[in-house]
1. Tell me, yes or no, whether region 280-287 has at least one residue that is within 29 Å of Asp135 (Cβ to Cβ), modelled with pLDDT under 95 and in contact with a Lys or Arg (Cβ under 6 Å, 6 or more places away or on another chain).
2. (1) charged (D, E, K, R); (2) at pLDDT 95 or above; (3) not in a helix (DSSP H, G or I): which one isn't true of Asp272, the others all being true?
3. Looking only at region 132-179, which residues are open to solvent by less than 30 Å² (accessible area, probe 1.4 Å), hydrophobic (A, V, I, L, M, F, W, C) and in a loop (DSSP other than H, G, I, E, B)?
4. Somewhere in region 266-277, is a residue closer than 21 Å to Tyr141 by Cα and surrounded by 13 or more Cβ atoms within 10 Å (Cβ to Cβ)?
5. Pro255 passes all but one of (1) assigned to a loop (DSSP other than H, G, I, E, B); (2) open to solvent by 60 Å² or more (accessible area, probe 1.4 Å); (3) touching a helix residue (DSSP H, G or I) at 6+ places or on another chain (Cβ under 9 Å); which number fails?
6. Any idea which residue in region 180-201 is nearest to Thr290 (Cα to Cα), counting only those that are hydrophobic (A, V, I, L, M, F, W, C) and buried (at least 23 other Cβ atoms within 10 Å of the Cβ)?
7. Restricting the search to region 241-252, which residues are open to solvent by 60 Å² or more (accessible area, probe 1.4 Å) and either assigned to a helix (DSSP H, G or I) or out of contact with any Leu (no Cβ under 8 Å at 6 or more places or on another chain) (or both)?
8. Step by step: first the residues of region 130-169, then only those that are of a type in the set (S, T, N, Q) and touching a strand residue (DSSP E or B) at 6+ places or on another chain (Cβ under 6 Å), then the one that is farthest from Asp182 (Cα to Cα). Which residue is that?
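The values are calculated or read from the model by the stated rules, or taken from the named source; none is laboratory data. None of these values were measured; they are calculated from a predicted model. Neighbour counts run over all protein chains shown; Cβ positions are idealised from the backbone, glycine included. For the accessible areas, the whole protein counts, side chains as well, though only heavy atoms, and no ligand, DNA or RNA atoms are used. Shrake-Rupley method; radii C 1.70, N 1.55, O 1.52, S 1.80 Å.
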Amino acid sequence: MIFFASIFKGIRRHFVVVLAALLLILGMFAAVKLIPGRSESSGACNGPEVVETVSVASISEASSEADEAGDTLSSSETIDLGDAVTSTESTESSSKNGEKSSETKEIVDTIIIGEDVGQNISQEAFDKFVQRYTDTVGWLYFEDERLSYPIMRSNDNDKYAEDDYAGNESETGAIFLDFRCDPEFTDSNSIIYGHNMRNRTMFGALRIYKEDLSFLDQHKYFQIRTSNGISRYMIFAFMDVPKDSYIYDVYGKNPSNMREYLDTIEYKTYIDTGIEPTVDDQIVMLSTCTKSDDLYFVMFAVKVDE
């Protein structure tokens, strides 16, 4: 009897140990199931979303690889390193602050400034703009809607290389007419300057013509509006020239080197359009900087309609 009692006690002791072990395992399993922040279906975290950040260096590298030409960075490309927080309240506040509050803003909203290209300016809106910004001599509008900007003019070629149309200091500057050229665009050759922006605003939009020569086929016309109405121009040539090229001294009515100027364009243009203007035609030359410190990119158009 004593022998069987000893065996029974041993079995009972082991049973208690086994039971305790099973209870411990079940408790641990239940604890794992109750841990928050896990998805049974995918195993993905349901906690706070992790937003991948991009360094300023990587952004600059990507920008350089995307655009080979143009060394000036538009103010619209400035990277804001502040808190990236948005809300319905802030959006509504921004919307209210964006309401028209002055005649100037109403004009700007109507006539398309900077990045918001897409339509030409009416004569009435243009005249109001001239009244507000008296250095305005015209409005340049590409018919494919790539460019739509006021053309400014001062008593030198420095002011609007550094200031926008409103006279504020700006990296983009403004589109401006050479101060030696007639503000009515009646010269044999009118020279218009603009910065070559990396984001393809201003005259950065002209790079596509050089990158894809076939682009000209469907994008060859632009217009210039002045106080006297609209003139239409057809692009017929473009090329790179040295910064000290004599072509920047071809201006005024019937300049003596006009024939040489036209011959230079014919021989050096990157594309042969078959269009050969005469000395009696009116040319508009669009000029911008390039990646090279020694060259400018220039585009030529001949007046075809008024």
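1. Scanning region 280-287, I find no residue that is within 29 Å of Asp135 (Cβ to Cβ), modelled with pLDDT under 95 and in contact with a Lys or Arg (Cβ under 6 Å, 6 or more places away or on another chain), so the answer is no.
2. For Asp272, the exception is condition (2).
3. Matches in region 132-179: Leu147, Ala174.
4. no
5. Unmet for Pro255, out of (1) assigned to a loop (DSSP other than H, G, I, E, B); (2) open to solvent by 60 Å² or more (accessible area, probe 1.4 Å); (3) touching a helix residue (DSSP H, G or I) at 6+ places or on another chain (Cβ under 9 Å): (2).
6. Here the residue is Met197.
7. Within region 241-252, Asp244, Tyr246, Asp249, Tyr251 qualify.
8. Going through the qualifying residues, I end up with Ser148.
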